Structure formats: structure tokens, C-alpha cells
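One structure below.
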Amino acid sequence: MADIYYTEDHEWISVEDGVGTVGITDYAQSQLGDVVYVELPDVGKELAQKDEAAVVESVKAASDVYAPVSGEVVEVNEALADTPGTVNESASSDGWFYKIKLSEPSELEDLMDEAAYQAFIEGLG
Amino acid sequence: MSQSPDATNAAPLKTTPLDALHRELGGKMVPFAGYDMPVQYPAGIVKEHLHTRAKASLFDVSHMGQVRLLGDAAVAALEALVPGDLQALKPMRMRYTMFTDDKAGILDDLMVTRVEDGLFVVVNASCKEADIAHMRAGLPKGVSVEYLDDRALLALQGPAAVDVMARLAGEAVRTMPFMSAADIDVGGFACFVTRSGYTGEDGFEISVASADADAFARRLLAEAEVEPAGLGARDSLRLEAGLCLYGHDIDTTTSPIEAGLVWTISKRRREAGGFPGAAVIQDQLANGVTRKRVGIRPEGRVVAREHTAIVDAGGSPIGEITSGGFGPSAGGPVGMGYVATDSAQVGMDVSLLVRGAPRPAQVAAMPFVPHGYFKGK
């Protein structure tokens, strides 16, 4: 059973057995507009919490996607190369960006749960 | 994920007569040239762009400056400020030209239409005040410069635009030549219509009284082919069409020759001069320029935006992107910029420095998507 956490930068991470799947939230994709390109990290890359992990390019601008937790990138979503629009259509599932093997699971305590994130985005107006 | 910073403006934003309509349509409003304008509607930039090339889109461009120059001397007088051949313009015909300065830099680009009692000029919103002051200072007293702040401007663009116009204004509009103008009734509204636009497609720009603008726009949107489109799509359309955006691809540091706009200066005016910067332009025509505006086509999918450095195969800097983005009709990233003349050859391999890494690209011919202008006489 996976646990899902959220960052204030609108990333989500779904953690199961020490590996987190990371994407951007539906709120984030609606703010961005049509996604035309995603630049993913290399498999094997070591990331520290809050490092720039990926770049998501919309028609108007590029935005950085950060690492919600520290760890090693173990897989990336190759399908996004051909269909970056999946990020818009299915941000919270098929539009995942990369999977990271957590090096510091306690970092998850810094993140929000679903309810807290919903309250957070409502507060953004 | 990083978010674009909110633009905070000290002065309240101006609105066009279609502001309420934009909000009703779900327009995402952003500041542009001091106006609150829709960058997109719920369909999104890509769909709005593609719809324009497939059917017809309606753009609000009322933020642009509509100016009337009155007086018999207007045509010859305005020629003192622009390199364009206005004396050759027949009545109700128009052309694209620019205000130049003494160094042959470009102060703004504009459309000039010859009308019965003078000229009708459309200038960019960001340069509106400066352009009007420039004309008032540079034109003789006998030519009055009237800013038409009680008029809206709408652009109906796309291959189906003519069908919509024919339905609302009569079949005669089908044979309106490209770059011509007419005073006609469109759907019951008195309009000044030009067959022109800035998307690379066939289409019309329609000037209507501000008081009529909301009802007129709704009338057009009621037609099956027409969808609203915002400034985001307007930008991606003109970029694919190879058209310059003032303040980005052309400005006071670029001459019309460097910008590849020599076609806007007729032989008579090239030889006779009589506009600011004429001597510089004549020199550049005789001796060449050190840099040229070209199309740039990145390989792959990485978008290279404004200010991206361009380097040659050996890694030496040769220029800079001035406009870049994703081209939905082109199916990938497109851009334009200036490169050293030696490198300004279609097909030449270059690299673009995006996020610190070189990305392969080629100098490309423009437009990236063929123009759809009406070719009938």
C-alpha cells in the first residue's frame, strides 16, 4: 500500500518499499498549461532533497521540478518523451516523472499529506 | 516545481472593451503592455493555435493603437518617418512598415492603410504612446494625428475566416484582396475591415466601435467555425509564420536589413531615402551587414527561448535567439534569432546553450509553416 506525500512546490511522491514515484500535481499541470517537453534526470543520479531533478516545459515557459526527498534515481518515465501531454491528462498517475530510492525516509515527515496539500492549494486562491 | 513569479504592477491594468467577455469565456488574464489580456482560454494554447490553422480563431487585439492621420499631406508626411512606399499605396490598400531612427534602428513596426481622407495606422500596444508622440512631433501641423481610443480591434484568423465573413458581410468579401481594406457592415455592425493579420493564415482584422465590440465579438463566436484564442496562441502562430515581434526580434538595435525586412523598402525609397536612417540602410545594402535574422530549428524537443546563446560547430558564439518556443503546427520547437552573416545559411549546424548544455540545431528557412494568405486579385 503506497503512501502519498506532497511538497509546497506541487510535487507528489508515492512511496512503497523504500522507492518513491515522483510527479507534479494536477494543480501544477493546470497552472502550467500544455506540456510540450519533459527533461528527466539520468538513471543513477544522486539527488538531495530540494535539488532540481527535472524540467517541465510548457508552451510559455520552463519550470523546475524538485526532488521531494534525497535518494538515487532508479527509473524514469520514458513514455513522456513521445507524449509529454500525459502530464496534463494524468498528472497524478501516468504522468509520473521518475522513481527514487529513498536514502533518508525520515525526510517524508517534512512533506504534506493529501488533506494538508488540498488545504494548501485552497489557500493559494 | 518552480512557479512563474506574479507580475505586480504599480498602476492598475487597462482593460479592452472585451474584458467581461474574456472572463466569461474563462480567459486566463495576464498583464501585457499595461493591459489585462487573455493569454489563453480553457482550451489551452496548443488547441487554440491548431484551431486557428484548421478553422478560425477570434483574437482581441484592442490593446493595439489605432490612429488616424487626417489631411492631404498625410501620405507624403508619414513617408518622412518610415521607409515604406506609401505614395504607391492605392486607396484602401495597406502595407507593413516601421518607424526608424537615425541609426536605422527600428522604433516600432506598424500597418498603414491608405483611406479616403488620409491614413489609418495600427501600432503595437507597447509602443502606442511613444509612436503617437513621434508622429505628432514629426508630422507637419496640417496633418492631424487622432488616436482612436473609442474603437476596438478584433482579428479573425484562419482558413474558415472568409466563410464566416461571407456569411455575415456578403459573398463580396471573398474576393477582397490580401492587404486591402473596406468599410462594410458585418452582421449588422459598421466595421472597417482589412484582409490581413499576423498569424500567417488568411484572415481579417476588424475595427469596430468600442460600444459595439462585445456584441460583435459574441456574434462572431456564435459561428460554428469560430473559437476564441489568446495572446499565447497569437505568439506561437506568428513565430511559426516567421513574423517579428517588436521588442524581441526587432528593436532599436536592429536595422531592417539585419532583420531581413528589405522587402518592405521599395526601390524608389531605397534610392531616394528621405526617412530616418536612410544613409545607414543604403550603406548596409551596398556593403552588407554583420549579422542576420534567421530561423532556428532545434533538433529533438528541447525548447530554446529568447536570449539563448547560439554557437557554431566549433563552440564559438555566433548569435542569440530572439524568439523561441514550441510550434504546435511545426510539431516541435522553433525559433528565430540573429547570427553572424557567415553562419546565416539555411541548413548550417549550430548549437544552442540551454540550461548550460549545448543542444544541436540548424539554421532554418522561415516560415516554419507555409503561409495561407489569399492570393486572388
Across A:57-70, the residue-averaged tally of Cβ atoms belonging to other chains within 10 Å stands at 5
Given contacts defined as C-alpha pairs under 8 Å and at least six residues apart, what's the relative contact order of the stretch B:23-78, whole-number percent?
21 percent
Lysine pairs meeting the criterion (Cα under 19 Å, 8 or more apart or interchain), as found in chain A:
4
Could you work out the equivalent-ellipsoid semi-axes for chain B, taking the square root of 5 times each eigenvalue of the Cα gyration tensor, largest first, in whole Å?
31, 28, 19
Suppose R0 equals 22 Å; then what is the FRET efficiency for B:Glu299 and B:Arg355 from their Cβ-Cβ distance, rounded to the nearest 0.05?
0.90
Approximate spin-label separation B:Lys103-B:Lys90, in nm, with each point projected 7 Å along Cα-to-Cβ:
4.1 nm
Dividing the Cα convex hull volume of the protein assembly as shown by residue count, how many Å³ per residue is that?
156 Å³
B:Glu271-A:Asp51 pseudo-label distance in nm [points 7 Å out on the Cα-to-Cβ vector]:
6.8 nm
Contour excess over end-to-end distance, with Cα ends at B:Ala76 and B:Trp263 and 0.36 nm allotted per residue
65.3 nm
Who wins for biggest fluctuation among B:Gly203, B:Gly337, B:Gly188 in a Gaussian network model of chain B, springs between alpha carbons below 10 Å?
B:Gly188
Can you give me the P(r) profile for the stretch B:1-100? Cα pairs, bins 5 angstrom wide beginning at 0, each as a whole percent.
2, 9, 15, 14, 13, 12, 14, 11, 6, 2, 1, 0
Cα centroid separation, the stretch A:94-125 to the stretch B:210-231 (Å):
42 Å
Per the Kirkwood definition applied to all pairs of different Cα atoms, how many angstroms is the hydrodynamic radius of the stretch B:211-319?
17.8 Å
Rg and Dmax of the stretch B:35-161, using alpha carbons, in Å: what are they?
16.4, 49
Determine, for each peptide in B:225-232, B:271-278, the mean count of other beta carbons within 10 angstrom over its residues, then list the peptides with the highest first.
B:225-232, B:271-278
Give me the three principal axis extents of the stretch B:235-377 from the C-alpha atoms, as integers in angstrom, largest value leading.
47, 41, 25
If the reach is capped at under 18 angstrom between alpha carbons, list the lysines near B:Lys90, excluding any in the same chain fewer than eight residues apart.
B:Lys267, B:Lys375, B:Lys377
Most mobile of B:Asp235, B:Asp108, B:Asp19 per a Gaussian network model of chain B (Cα springs, under 10 Å)?
B:Asp19
Inverse of <1/r> over all distinct C-alpha pairs of chain A, i.e. the Kirkwood Rh in Å, gives 14.3 Å
Relative contact order for the stretch A:51-114 using alpha-carbon pairs under 8 Å, separation at least 6, rounded to a whole percent?
32 percent
Cβ density ranking, 10 Å radius, fewest first, applied to A:Ser70, A:Ser63 yields A:Ser70, A:Ser63
Bridge orientation stat for the protein assembly as shown from DSSP, antiparallel percent rounded to 5, came to 95 percent
Report, in deg cm²/dmol and to the nearest 500, the calculated mean residue ellipticity at 222 nm for the protein assembly as shown, where each DSSP H run with n ≥ 4 adds -39500 (n - 2.57) and the sum is divided by the residue count.
-5500 deg cm²/dmol
Hey, what did the stretch B:113-222 get for relative contact order, percent, Cα under 8 Å, at least 6 apart?
25 percent
Specify the inter-centroid distance of the stretch B:28-70 and the stretch B:288-359, based on alpha-carbon positions, in whole Å.
27 Å
The stretch B:293-377: D in µm²/s via Stokes-Einstein (Kirkwood Rh, Cα pairs, 25 °C, 0.890 mPa s)?
190 µm²/s
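Throughout, read-outs are computed from the coordinates displayed, never taken from laboratory work. Every value quoted in this text rests on a predicted model; they were computed, and no experiment measured them. No Cβ is skipped: glycine too gets one built from the backbone with ideal geometry, and neighbour counts run over all protein chains shown.
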